[in-house]
């Protein structure tokens with residue numbers, strides 16, 4: 001009774017039906033993760049879906065679905081199914097591959113799907129030499145053995161291609177292992193180390209630095225072990241005001257010293273010590289960056305200024321301020337500037353954001369560039385399993401090629417002496433691509449005929 005239950009359980013986990021069911025279930029639930037925005041604050045789901053639905057989402061971890069207990073459980077169950085299925089079938093394949101192909105009775109050759117008979121006016125040893133030479137010339141591994149009253153020749157190709165499907169199984173397991181290794185839930189619950197794998201974000205204003213990010217799930221603060229400073233943020237717009245492209249210039253500090261300065265753009269991330277930073281968003285402030293210098297290069301300064309506020313530059317002997325703005329949404333396009341060196345009437349003019357303006361004053365010519373200050377939104381990810389995923393994908397391509405384009409093919413030639421020479425019975429089969437093998441089988445026999 002116990003044995004029966006055990007066998008029934010193994011049969012369930014080894015079944016193709018369970019694998020197909022789990023694949024469909026994983027695919028259908030993944031649609032939820034595509035439709036429902038992931039890793040947003042709880043208030044976002046309350047506002048969009050209502051309080052009751054938001055509570056249901058939180059109960060099932062829908063906002064972080066791919067790290068949820070039930071989704072990881074489905075992946076684990078699918079992995080167990082693949083392991084049991086492979087372990088149940090691989091021994092049979094090994095026995096089939098290691099079986100002596102020459103240990104076959106002549107009567108069995110009559111049952112092969114492909115058969116053809118020929119007659120050669122020569123003895124069995126000469127016929128065997130002719131046949132084995134032909135097969136080996138075309139890449140077949142041919143062996144012979146005496147089979148009373150004649151001789152049996154067997155040639156095979158692609159014996160190990162029977163393992164192609166299990167290479168695919170192995171690749172899926174490697175990909176699943178990489179996905180689990182890179183899961184923040186596994187990092188928390190299994191490794192007890194939230195810094196082992198995480199996904200988070202940070203909003204970093206220009207000119208400021210940070211040594212931490214905030215995890216998407218739960219908002220936990222995670223220390224990076226190094227600091228990141230936003231040196232500059234640049235954004236370009238289409239004519240209708242929609243953002244065209246944006247770029248962050250950042251500097252990495254490790255041990256208090258700058259070690260790397262680079263640009264982060266969409267599809268061009270920065271990776272440092274296993275942490276990858278992606279350009280994901282931005283936020284405009286109602287504050288402005290000012291770069292001001294004398295044209296003769298004798299003095300220069302940088303500052304931050306808000307609208308309707310006077311800024312003094314004692315070294316340059318000037319004062320200035322923003323008295324008006326033209327904006328599109330939160331983005332400032334033009335600014336009206338008031339500028340004086342306390343000699344004569346102040347200069348009042350409009351200037352485009354981030355465009356240098358030359359201001360002629362009695363004390364000299366000043367070059368002013370003023371632009372809106374931004375905070376860059378960076379998504380930070382640490383995924384130690386990513387190389388396993390890449391390796392698994394490569395292994396899957398190899399396995400799919402073997403499974404779909406290679407096959408185990410066998411050709412038998414049974415040679416028996418007769419009154420006028422030698423009678424040959426050709427028999428062949430293939431476990432896949434039977435039409436292609438039938439053509440090859442016919443071509444080999446035709447070449448034997450042409451050389452006769």
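Packing-based ranking of 132-143, 32-43, 199-210 yields 199-210, 132-143, 32-43, ordered from highest to lowest mean Cβ neighbour count within 10 Å. Between residue 401 and residue 315, the distance separating the two model label sites (each 7 Å from Cα on the Cα→Cβ line) works out to 6.3 nm. Cβ crowding within 10 Å, taken as a proxy for footprinting-reagent exposure, orders 88, 100 from fewest neighbours to most as 100, 88. Packing-based ranking of 146-158, 235-247 yields 146-158, 235-247, ordered from highest to lowest mean Cβ neighbour count within 10 Å.
The long axis of helix 2-13 is offset from the longest Cα principal axis of the chain by roughly 60 degrees.
Largest first, the extents of the alpha carbon coordinates of the chain on the three principal axes equal 128, 62, 44 Å. Taking the Cα atoms of the stretch 285-372, the ratio Rg/Rh between the radius of gyration and the Kirkwood radius comes to 0.94. With neighbours defined as other Cβ atoms within 10 Å of a residue's Cβ, the residues 170, 422, 393 order from fewest to most as 393, 170, 422. If R0 is 56 Å, what FRET efficiency do you get for residue 10 and residue 259 from their C-beta distance, rounded to 0.05? In this case the efficiency is close to 0.55.
On full extension, the segment bounded by residue 268 and residue 326 gains 17.7 nm, given 0.36 nm per residue less the C-alpha separation.
Neighbour counts of other Cβ atoms within 10 Å put 122, 117 in the fewest-to-most order 117, 122. Measure nothing fancy, just the Cα-based angle from helix 16-35's long axis to the longest principal axis of the chain, in degrees from 0 to 90, nearest 10. With both axes taken from Cα atoms, the answer is about 10 degrees. By the helix-only formula, in which each DSSP H run with n ≥ 4 contributes -39500 (n - 2.57) and the sum is divided by residues, the chain has a 222 nm mean residue ellipticity of -11500 deg cm²/dmol.
Separation of the stretch 263-288 and the stretch 106-149, taken as the distance between their Cα centroids, equals 69 angstrom. Centre-to-centre, using Cα atoms only, the stretch 324-397 and the stretch 172-197 are separated by 39 Å.
Place a point 7 Å from the Cα of residue 393 along the Cα-to-Cβ direction; which residues of the stretch 160-174 have their backbone N under 14 Å from it? Those under the cut-off are 172. Here the relative contact order of the stretch 172-287, from alpha carbon pairs under 8 Å that lie six or more residues apart, stands at 13 percent. With R₀ fixed at 56 Å, the C-beta to C-beta distance from residue 95 to residue 300 puts the FRET efficiency at about 0.10.
The alpha-carbon positions of the stretch 2-70 define a convex hull whose volume is 104 Å³ per residue. The value of relative contact order for the chain, using C-alpha pairs under 8 Å at least six residues apart, is 19 percent. Between residue 220 and residue 35, the modelled labels are 3.1 nm apart [label points 7 Å from Cα along Cα→Cβ].
With respect to the chain, whose longest principal axis is taken over its alpha-carbon atoms, helix 386-405 is tilted by about 30°. Contact order, relative form, for the stretch 295-446: 11 percent (alpha carbon pairs under 8 Å, 6 or more residues apart, mean separation divided by residue count).
Every number here is computed from the coordinates shown, using simple stated rules; none is lab data. Because the structure is a prediction, the values reported are computed rather than measured. Note: ideal-geometry Cβ built from the backbone for every residue, glycine included; neighbour counts use all protein chains shown.
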